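The values are calculated or read from the model by the stated rules, or taken from the named source; none is laboratory data. These numbers come from a predicted model, not from an experiment. Cβ atoms come from the backbone with ideal geometry, glycine included; neighbour counts cover every protein chain shown.
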Amino acid sequence: MDIVHYLEPYKPIRTTIPGISQEESLAERVSFFGGGEDWFRNANFQIVIIGVPESRNGADNRGCDAAPNQIRRWLYAHRGDNLDVTIGDAGNVLGKSINDRYHALSDVITYFRNLKSIVVVLGGSQDLSMPIFKALKGISDNVNLVAADAMLDVDVANEDFSSRSWLSHLVADYATSLSNLSVIGIQNYIVSGSQEGFVTNRFFEILRLGQIRGNDIDKTEVPLRDAHFFSFDFRVIKEQPQIMDEVLSPHGLEPHEACRICRYAGMGEQINVFGLFDVPGSKSELKNNDLLAAQLVWHFIEGLAGRFGDYPNRSIDAYKYYVVPFEGEDPGLEFFHNQENGRWWMRVPADNGSVVMACSRDDYRKALKKEYPDRWWRSFMRRMPVTKDITNC
(Lines give C-alpha, C1' and ligand atoms only; values in the text may rest on other atoms or scores of the structure.)
Protein backbone atom coordinates (compact mmCIF):
# COMPACT_ATOMS: atom_id res chain seq x y z
CA MET A 1 0.00 0.00 0.00
CA ASP A 2 1.63 3.27 -1.16
CA ILE A 3 0.21 5.24 1.74
CA VAL A 4 2.27 8.38 1.13
CA HIS A 5 0.00 9.44 -1.75
CA TYR A 6 -3.07 9.47 0.50
CA LEU A 7 -1.76 12.14 2.84
CA GLU A 8 -0.86 15.81 2.78
CA PRO A 9 1.60 17.04 5.44
CA TYR A 10 0.40 19.33 8.18
CA LYS A 11 2.62 22.37 8.54
CA PRO A 12 2.85 23.09 12.28
CA ILE A 13 1.73 26.51 13.44
CA ARG A 14 3.64 27.62 16.51
CA THR A 15 1.15 28.68 19.15
CA THR A 16 2.22 29.06 22.75
CA ILE A 17 0.45 28.89 26.08
CA PRO A 18 1.87 31.21 28.75
CA GLY A 19 4.17 29.29 31.07
CA ILE A 20 4.72 26.32 28.74
CA SER A 21 7.98 26.56 26.84
CA GLN A 22 8.38 25.07 23.38
CA GLU A 23 10.55 22.33 24.88
CA GLU A 24 7.77 21.37 27.31
CA SER A 25 4.98 21.44 24.72
CA LEU A 26 3.32 18.44 23.12
CA ALA A 27 4.75 19.49 19.75
CA GLU A 28 8.18 18.40 20.97
CA ARG A 29 6.89 14.83 21.37
CA VAL A 30 5.47 14.67 17.85
CA SER A 31 7.15 13.50 14.66
CA PHE A 32 5.51 15.32 11.74
CA PHE A 33 5.16 13.73 8.31
CA GLY A 34 6.94 16.04 5.89
CA GLY A 35 5.94 14.48 2.57
CA GLY A 36 8.68 11.88 2.11
CA GLU A 37 8.42 8.10 2.16
CA ASP A 38 11.20 7.79 4.74
CA TRP A 39 8.84 8.96 7.50
CA PHE A 40 6.69 5.86 7.02
CA ARG A 41 9.65 3.49 7.19
CA ASN A 42 10.20 4.68 10.76
CA ALA A 43 6.52 5.13 11.68
CA ASN A 44 6.68 3.15 14.91
CA PHE A 45 4.36 5.31 17.02
CA GLN A 46 1.97 4.48 19.84
CA ILE A 47 -0.37 7.20 18.57
CA VAL A 48 -0.83 8.51 15.04
CA ILE A 49 -2.88 11.66 14.48
CA ILE A 50 -4.55 12.25 11.11
CA GLY A 51 -6.88 14.98 9.94
CA VAL A 52 -9.82 14.48 7.58
CA PRO A 53 -11.06 17.87 6.34
CA GLU A 54 -14.30 16.48 4.94
CA SER A 55 -17.95 17.48 5.48
CA ARG A 56 -19.65 16.98 2.11
CA ASN A 57 -21.91 14.33 3.64
CA GLY A 58 -22.57 16.49 6.65
CA ALA A 59 -26.28 17.12 6.99
CA ASP A 60 -25.38 20.45 8.60
CA ASN A 61 -22.33 21.98 10.29
CA ARG A 62 -20.45 22.03 6.98
CA GLY A 63 -17.80 24.33 8.44
CA CYS A 64 -16.38 21.45 10.49
CA ASP A 65 -14.10 20.50 7.59
CA ALA A 66 -11.72 23.25 8.71
CA ALA A 67 -11.38 21.79 12.21
CA PRO A 68 -8.35 19.43 11.89
CA ASN A 69 -5.68 22.12 11.51
CA GLN A 70 -7.45 24.49 13.91
CA ILE A 71 -7.45 21.80 16.60
CA ARG A 72 -3.79 20.99 16.02
CA ARG A 73 -2.81 24.62 16.46
CA TRP A 74 -3.89 24.43 20.10
CA LEU A 75 -3.25 20.75 20.77
CA TYR A 76 0.47 20.96 20.17
CA ALA A 77 0.80 24.02 22.41
CA HIS A 78 -0.39 22.06 25.44
CA ARG A 79 1.93 20.42 27.91
CA GLY A 80 3.67 17.28 26.70
CA ASP A 81 6.62 16.69 29.00
CA ASN A 82 4.45 14.56 31.30
CA LEU A 83 3.15 12.25 28.54
CA ASP A 84 5.37 9.23 28.03
CA VAL A 85 4.07 8.25 24.58
CA THR A 86 5.40 8.37 21.03
CA ILE A 87 3.25 10.38 18.62
CA GLY A 88 3.28 10.83 14.88
CA ASP A 89 1.25 13.33 12.88
CA ALA A 90 0.60 11.85 9.45
CA GLY A 91 -1.07 14.97 8.04
CA ASN A 92 -4.46 15.20 6.35
CA VAL A 93 -6.20 12.55 4.28
CA LEU A 94 -6.65 13.55 0.63
CA GLY A 95 -9.57 12.83 -1.67
CA LYS A 96 -10.99 14.61 -4.70
CA SER A 97 -14.41 13.01 -4.41
CA ILE A 98 -16.03 12.05 -1.15
CA ASN A 99 -15.75 8.37 -2.00
CA ASP A 100 -12.06 8.87 -2.73
CA ARG A 101 -11.66 10.39 0.74
CA TYR A 102 -13.60 7.55 2.37
CA HIS A 103 -11.45 4.98 0.59
CA ALA A 104 -8.23 6.75 1.50
CA LEU A 105 -9.28 7.10 5.15
CA SER A 106 -10.11 3.40 5.38
CA ASP A 107 -6.73 2.46 3.88
CA VAL A 108 -4.84 4.84 6.18
CA ILE A 109 -6.57 3.38 9.26
CA THR A 110 -5.76 -0.14 8.07
CA TYR A 111 -2.12 0.77 7.48
CA PHE A 112 -1.51 2.22 10.92
CA ARG A 113 -3.55 -0.38 12.76
CA ASN A 114 -1.43 -3.07 11.13
CA LEU A 115 1.52 -1.26 12.71
CA LYS A 116 -0.33 -1.45 16.07
CA SER A 117 -0.63 2.34 16.30
CA ILE A 118 -3.69 3.86 17.95
CA VAL A 119 -5.19 6.36 15.52
CA VAL A 120 -6.67 9.71 16.50
CA VAL A 121 -8.88 11.07 13.72
CA LEU A 122 -9.63 14.80 13.64
CA GLY A 123 -12.77 15.34 11.54
CA GLY A 124 -14.67 16.45 9.59
CA SER A 125 -18.22 15.27 9.98
CA GLN A 126 -19.24 12.12 11.84
CA ASP A 127 -20.17 10.15 8.71
CA LEU A 128 -16.41 9.50 8.56
CA SER A 129 -17.08 6.87 11.22
CA MET A 130 -18.34 4.57 8.45
CA PRO A 131 -15.03 4.11 6.54
CA ILE A 132 -13.19 3.91 9.87
CA PHE A 133 -15.43 1.05 10.99
CA LYS A 134 -14.99 -0.61 7.59
CA ALA A 135 -11.23 -0.61 8.13
CA LEU A 136 -11.49 -2.06 11.63
CA LYS A 137 -13.94 -4.70 10.42
CA GLY A 138 -11.39 -5.77 7.82
CA ILE A 139 -8.87 -6.42 10.60
CA SER A 140 -11.17 -8.06 13.16
CA ASP A 141 -14.53 -9.79 12.82
CA ASN A 142 -15.84 -8.19 16.02
CA VAL A 143 -15.74 -4.46 16.74
CA ASN A 144 -17.14 -2.67 19.79
CA LEU A 145 -18.31 0.85 19.00
CA VAL A 146 -19.07 3.66 21.45
CA ALA A 147 -20.58 6.89 20.12
CA ALA A 148 -21.02 10.11 22.08
CA ASP A 149 -23.83 12.25 20.72
CA ALA A 150 -26.71 14.46 21.84
CA MET A 151 -28.93 12.90 19.17
CA LEU A 152 -29.18 9.47 17.58
CA ASP A 153 -27.81 9.54 14.04
CA VAL A 154 -30.41 7.05 12.89
CA ASP A 155 -32.63 7.19 9.82
CA VAL A 156 -35.18 4.48 10.47
CA ALA A 157 -36.09 4.38 6.77
CA ASN A 158 -32.38 3.79 6.01
CA GLU A 159 -32.44 6.09 3.00
CA ASP A 160 -29.99 8.99 2.60
CA PHE A 161 -26.51 8.55 4.05
CA SER A 162 -25.21 11.56 5.99
CA SER A 163 -23.71 12.61 9.31
CA ARG A 164 -27.25 12.41 10.73
CA SER A 165 -27.90 8.83 9.59
CA TRP A 166 -24.50 7.10 9.51
CA LEU A 167 -25.21 4.96 12.56
CA SER A 168 -28.25 3.21 11.12
CA HIS A 169 -26.36 2.51 7.89
CA LEU A 170 -23.44 1.11 9.85
CA VAL A 171 -25.72 -1.17 11.88
CA ALA A 172 -27.45 -2.37 8.71
CA ASP A 173 -24.28 -2.91 6.67
CA TYR A 174 -22.05 -4.40 9.38
CA ALA A 175 -24.49 -6.17 11.68
CA THR A 176 -22.40 -9.32 11.94
CA SER A 177 -19.21 -7.39 12.78
CA LEU A 178 -20.74 -4.98 15.30
CA SER A 179 -20.16 -6.87 18.52
CA ASN A 180 -21.52 -4.11 20.74
CA LEU A 181 -22.78 -0.54 20.47
CA SER A 182 -23.15 2.01 23.25
CA VAL A 183 -24.42 5.53 22.66
CA ILE A 184 -23.75 8.00 25.46
CA GLY A 185 -25.05 11.50 26.08
CA ILE A 186 -28.32 11.55 24.12
CA GLN A 187 -31.15 13.82 25.19
CA ASN A 188 -34.54 12.08 25.12
CA TYR A 189 -36.52 15.12 24.04
CA ILE A 190 -34.60 15.41 20.74
CA VAL A 191 -34.66 11.68 19.95
CA SER A 192 -37.71 9.91 18.50
CA GLY A 193 -39.15 6.69 19.85
CA SER A 194 -38.45 4.94 16.55
CA GLN A 195 -34.80 6.02 16.67
CA GLU A 196 -34.42 4.82 20.23
CA GLY A 197 -36.14 1.55 19.38
CA PHE A 198 -33.76 0.99 16.48
CA VAL A 199 -30.95 0.77 19.02
CA THR A 200 -32.59 -0.84 22.03
CA ASN A 201 -34.52 -3.47 20.05
CA ARG A 202 -31.15 -4.80 18.93
CA PHE A 203 -30.07 -5.01 22.58
CA PHE A 204 -27.54 -2.23 22.30
CA GLU A 205 -26.96 0.29 25.07
CA ILE A 206 -28.06 3.90 25.48
CA LEU A 207 -26.80 6.07 28.35
CA ARG A 208 -28.84 9.26 28.41
CA LEU A 209 -27.35 12.58 29.43
CA GLY A 210 -29.25 12.53 32.71
CA GLN A 211 -27.75 9.14 33.59
CA ILE A 212 -24.13 10.28 33.30
CA ARG A 213 -24.11 13.74 34.84
CA GLY A 214 -22.03 14.66 37.88
CA ASN A 215 -20.68 11.72 39.85
CA ASP A 216 -22.44 9.33 37.45
CA ILE A 217 -19.96 10.24 34.71
CA ASP A 218 -18.03 7.15 35.85
CA LYS A 219 -20.74 5.02 34.19
CA THR A 220 -19.20 5.88 30.82
CA GLU A 221 -15.92 4.20 31.75
CA VAL A 222 -17.46 0.74 31.56
CA PRO A 223 -18.47 0.67 27.85
CA LEU A 224 -15.34 2.64 26.92
CA ARG A 225 -13.17 -0.05 28.51
CA ASP A 226 -14.55 -2.51 25.95
CA ALA A 227 -14.49 -0.10 23.00
CA HIS A 228 -12.36 -0.56 19.91
CA PHE A 229 -13.65 2.61 18.28
CA PHE A 230 -14.88 5.76 20.05
CA SER A 231 -16.74 8.18 17.78
CA PHE A 232 -17.25 11.52 19.53
CA ASP A 233 -19.62 14.16 18.14
CA PHE A 234 -18.39 17.44 19.62
CA ARG A 235 -21.96 18.71 19.70
CA VAL A 236 -22.76 16.42 22.63
CA ILE A 237 -21.30 19.28 24.68
CA LYS A 238 -23.65 22.05 25.79
CA GLU A 239 -23.79 25.41 24.00
CA GLN A 240 -23.26 23.65 20.66
CA PRO A 241 -25.51 23.52 17.54
CA GLN A 242 -27.00 20.12 18.28
CA ILE A 243 -30.19 20.53 16.23
CA MET A 244 -29.20 23.06 13.55
CA ASP A 245 -26.37 25.43 12.82
CA GLU A 246 -28.05 28.59 14.05
CA VAL A 247 -29.33 27.30 17.42
CA LEU A 248 -27.06 26.57 20.38
CA SER A 249 -28.46 24.03 22.83
CA PRO A 250 -28.52 24.98 26.52
CA HIS A 251 -28.09 21.31 27.46
CA GLY A 252 -25.30 18.82 27.02
CA LEU A 253 -22.14 17.57 28.66
CA GLU A 254 -20.12 20.08 30.62
CA PRO A 255 -16.66 20.58 29.09
CA HIS A 256 -14.92 18.99 32.07
CA GLU A 257 -17.25 15.96 31.81
CA ALA A 258 -16.39 15.58 28.12
CA CYS A 259 -12.68 15.72 28.94
CA ARG A 260 -13.12 13.06 31.59
CA ILE A 261 -14.94 10.78 29.14
CA CYS A 262 -12.12 11.18 26.61
CA ARG A 263 -9.60 10.33 29.31
CA TYR A 264 -11.57 7.15 30.09
CA ALA A 265 -11.43 6.29 26.39
CA GLY A 266 -7.65 6.66 26.37
CA MET A 267 -7.40 4.40 29.41
CA GLY A 268 -9.35 1.66 27.62
CA GLU A 269 -6.95 -1.16 26.81
CA GLN A 270 -8.77 -2.14 23.60
CA ILE A 271 -9.21 1.22 21.89
CA ASN A 272 -7.95 1.29 18.30
CA VAL A 273 -9.38 4.56 17.00
CA PHE A 274 -10.61 7.76 18.64
CA GLY A 275 -12.49 10.01 16.24
CA LEU A 276 -13.45 13.60 17.09
CA PHE A 277 -16.06 14.94 14.70
CA ASP A 278 -18.34 17.88 13.95
CA VAL A 279 -16.36 20.57 15.73
CA PRO A 280 -18.19 23.72 14.56
CA GLY A 281 -16.12 26.12 12.52
CA SER A 282 -14.91 29.20 14.36
CA LYS A 283 -16.81 32.28 13.20
CA SER A 284 -14.97 34.51 15.64
CA GLU A 285 -11.51 34.69 17.16
CA LEU A 286 -13.24 34.58 20.55
CA LYS A 287 -14.75 31.13 19.90
CA ASN A 288 -13.20 28.45 22.11
CA ASN A 289 -14.38 25.31 20.28
CA ASP A 290 -10.95 24.60 18.78
CA LEU A 291 -9.27 24.99 22.16
CA LEU A 292 -11.78 22.69 23.86
CA ALA A 293 -11.48 20.12 21.07
CA ALA A 294 -7.71 20.16 21.53
CA GLN A 295 -8.17 19.56 25.25
CA LEU A 296 -10.42 16.57 24.55
CA VAL A 297 -7.65 15.02 22.46
CA TRP A 298 -5.05 15.90 25.10
CA HIS A 299 -7.08 14.12 27.78
CA PHE A 300 -7.38 11.05 25.53
CA ILE A 301 -3.59 11.00 25.16
CA GLU A 302 -3.13 11.48 28.91
CA GLY A 303 -5.47 8.55 29.59
CA LEU A 304 -3.54 6.37 27.16
CA ALA A 305 -0.24 7.31 28.80
CA GLY A 306 -1.64 6.20 32.17
CA ARG A 307 -3.06 2.81 31.21
CA PHE A 308 -3.09 0.05 33.82
CA GLY A 309 -2.28 -2.87 31.54
CA ASP A 310 -5.59 -4.51 32.50
CA TYR A 311 -7.54 -7.29 30.80
CA PRO A 312 -7.18 -8.34 27.99
CA ASN A 313 -3.47 -7.48 28.26
CA ARG A 314 -3.46 -9.31 31.58
CA SER A 315 -5.14 -12.67 32.13
CA ILE A 316 -8.60 -12.39 33.65
CA ASP A 317 -7.51 -15.15 36.04
CA ALA A 318 -5.19 -12.63 37.73
CA TYR A 319 -8.18 -10.94 39.39
CA LYS A 320 -10.28 -11.88 42.38
CA TYR A 321 -13.03 -14.24 41.25
CA TYR A 322 -16.62 -14.17 42.47
CA VAL A 323 -19.48 -16.52 41.63
CA VAL A 324 -23.02 -15.45 42.45
CA PRO A 325 -25.29 -18.53 42.64
CA PHE A 326 -28.10 -18.01 40.16
CA GLU A 327 -30.95 -20.30 39.21
CA GLY A 328 -30.49 -21.61 35.68
CA GLU A 329 -26.83 -20.55 35.46
CA ASP A 330 -23.98 -23.03 35.93
CA PRO A 331 -21.87 -22.26 37.87
CA GLY A 332 -23.67 -18.93 38.40
CA LEU A 333 -22.94 -15.36 37.36
CA GLU A 334 -19.16 -14.93 37.27
CA PHE A 335 -17.39 -11.69 38.16
CA PHE A 336 -13.76 -10.60 38.27
CA HIS A 337 -12.39 -7.71 40.35
CA ASN A 338 -9.08 -5.90 40.00
CA GLN A 339 -8.55 -4.80 43.59
CA GLU A 340 -5.72 -2.47 42.59
CA ASN A 341 -7.92 -0.06 40.64
CA GLY A 342 -11.48 -1.17 41.46
CA ARG A 343 -12.43 -2.31 37.95
CA TRP A 344 -14.90 -5.17 37.42
CA TRP A 345 -15.62 -7.65 34.61
CA MET A 346 -18.20 -10.39 34.14
CA ARG A 347 -18.47 -13.52 32.03
CA VAL A 348 -21.47 -13.86 29.71
CA PRO A 349 -22.49 -17.03 27.81
CA ALA A 350 -22.21 -16.86 24.03
CA ASP A 351 -23.04 -19.25 21.20
CA ASN A 352 -19.34 -20.18 20.89
CA GLY A 353 -18.58 -20.40 24.60
CA SER A 354 -18.48 -17.17 26.59
CA VAL A 355 -17.20 -13.61 26.51
CA VAL A 356 -15.70 -11.47 29.25
CA MET A 357 -16.94 -7.89 29.26
CA ALA A 358 -16.46 -4.82 31.42
CA CYS A 359 -18.98 -4.12 34.14
CA SER A 360 -19.30 -2.14 37.35
CA ARG A 361 -19.60 -2.93 41.02
CA ASP A 362 -23.29 -2.05 40.73
CA ASP A 363 -23.69 -4.93 38.26
CA TYR A 364 -22.24 -7.29 40.85
CA ARG A 365 -24.54 -5.88 43.52
CA LYS A 366 -27.54 -6.34 41.24
CA ALA A 367 -26.61 -9.98 40.73
CA LEU A 368 -26.49 -10.42 44.52
CA LYS A 369 -30.17 -9.36 44.52
CA LYS A 370 -30.89 -12.19 42.06
CA GLU A 371 -31.39 -9.77 39.18
CA TYR A 372 -29.61 -10.02 35.84
CA PRO A 373 -27.40 -6.95 35.28
CA ASP A 374 -28.58 -4.98 32.25
CA ARG A 375 -25.25 -5.31 30.46
CA TRP A 376 -25.21 -9.09 31.07
CA TRP A 377 -28.76 -9.45 29.75
CA ARG A 378 -28.21 -7.37 26.61
CA SER A 379 -25.02 -9.24 25.79
CA PHE A 380 -26.73 -12.59 26.32
CA MET A 381 -29.66 -11.64 24.09
CA ARG A 382 -27.34 -10.51 21.28
CA ARG A 383 -25.02 -13.48 21.39
CA MET A 384 -27.19 -16.53 22.05
CA PRO A 385 -30.44 -17.95 20.77
CA VAL A 386 -33.00 -17.52 23.55
CA THR A 387 -33.55 -20.99 24.98
CA LYS A 388 -34.77 -20.07 28.43
CA ASP A 389 -37.05 -17.66 30.16
CA ILE A 390 -35.24 -14.71 31.76
CA THR A 391 -37.71 -13.35 34.25
CA ASN A 392 -35.67 -11.16 36.57
CA CYS A 393 -34.32 -8.61 34.08
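For region 338-371, residues that are of a type in the set (Gly, Ala, Ser) and buried (at least 16 other Cβ atoms within 10 Å of the Cβ) total 3.
When Gly268, Gly281, Gly275 are screened for being more than 30 Å from Ser315 (Cβ to Cβ), surrounded by 22 or more Cβ atoms within 10 Å (Cβ to Cβ) and in contact (Cβ under 8 Å) with a residue 40 or more places away in the chain, only Gly275 passes.
Quick grid of which residues meet (1) out of contact with any Cys (no Cβ under 7 Å at 6 or more places or on another chain); (2) modelled with pLDDT under 95:
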{"site": "Asp278", "(1), (2)": "no, no"}
{"site": "Leu286", "(1), (2)": "yes, yes"}
{"site": "Arg347", "(1), (2)": "yes, no"}
{"site": "Asp351", "(1), (2)": "yes, yes"}
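Close contacts from region 169-193, counting a first residue that is assigned to a strand (DSSP E or B) and a second that is at pLDDT below 95, with Cβ to Cβ under 6 Å and a gap of 6+ residues or different chains, come to Ser179/Asn142. Among residues of region 42-59 that are closer than 30 Å to Asp160 by Cβ and assigned by TED's automatic domain parsing to the domain that holds Ser31, none has a Cβ under 6 angstrom from a residue that is among the basic types (Lys, Arg) and crowded, with 24+ Cβ neighbours inside 10 Å at a sequence gap of 6+ or on a separate chain. Restricted to region 135-168, and to residues there that are β-branched (Val, Ile, Thr) and in a loop (DSSP other than H, G, I, E, B), the residue that is surrounded by the most Cβ atoms within 10 Å (Cβ to Cβ) is Val154.
Of the strands (runs of 3 or more DSSP E) entirely within region 274-360, those holding at least 3 residues that are in contact with an Asp or Glu (Cβ under 8 Å, 6 or more places away or on another chain) occupy 320-326, 344-350.
Can we say Glu8 is surrounded by fewer than 19 Cβ atoms within 10 Å (Cβ to Cβ), acidic (Asp, Glu) and in the same structural domain as Gly124 (by TED's automatic domain parsing)? Here the answer is yes, as Glu8 does meet what is asked.
Since Ser231 meets every condition but one in (1) in a loop (DSSP other than H, G, I, E, B); (2) among the polar types (S, T, N, Q); (3) under 27 Å from Arg343 (Cα atoms), which condition does it not meet? Going through (1) in a loop (DSSP other than H, G, I, E, B); (2) among the polar types (S, T, N, Q); (3) under 27 Å from Arg343 (Cα atoms) one by one, Ser231 breaks only (1).
Just to be sure before I move on: is Ala27 among the hydrophobic types (A, V, I, L, M, F, W, C), modelled with pLDDT of 95 or more and more than 30 Å from Leu167 (Cβ to Cβ) in the structure I sent?
Spelling it out, Ala27 is indeed among the hydrophobic types (A, V, I, L, M, F, W, C), modelled with pLDDT of 95 or more and more than 30 Å from Leu167 (Cβ to Cβ).
From Glu54, Glu8, which residue is at pLDDT 95 or above, closer than 11 Å to Gly91 by Cβ, under 27 Å from the mean Cα position of the chain (by Cα) and of a type in the set (Asp, Glu)?
Every option except Glu8 fails the conditions.
Starting from residues that are surrounded by fewer than 22 Cβ atoms within 10 Å (Cβ to Cβ) and closer than 30 Å to Ile316 by Cα, keep the ones in region 229-262 and report whichever is farthest from the chain's Cα centre (by Cα). Of everything passing the filter in region 229-262, Glu257 is farthest from the chain's Cα centre (by Cα).
Residue-by-condition table, conditions (1) exposed (fewer than 14 other Cβ atoms within 10 Å of the Cβ); (2) at pLDDT below 95:
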residue: Tyr321; (1), (2): yes, no
residue: Leu333; (1), (2): no, no
residue: Phe336; (1), (2): no, no
residue: Pro373; (1), (2): no, no
residue: Arg378; (1), (2): no, no
residue: Arg383; (1), (2): no, yes
residue: Thr391; (1), (2): yes, yes
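Taking the condition closer than 28 Å to Glu302 by Cβ, at pLDDT 95 or above, assigned by TED's automatic domain parsing to the domain that holds Asn61 and hydroxyl-bearing (Ser, Thr, Tyr), does Ser117 pass?
Here the answer is yes, as Ser117 does meet what is asked.
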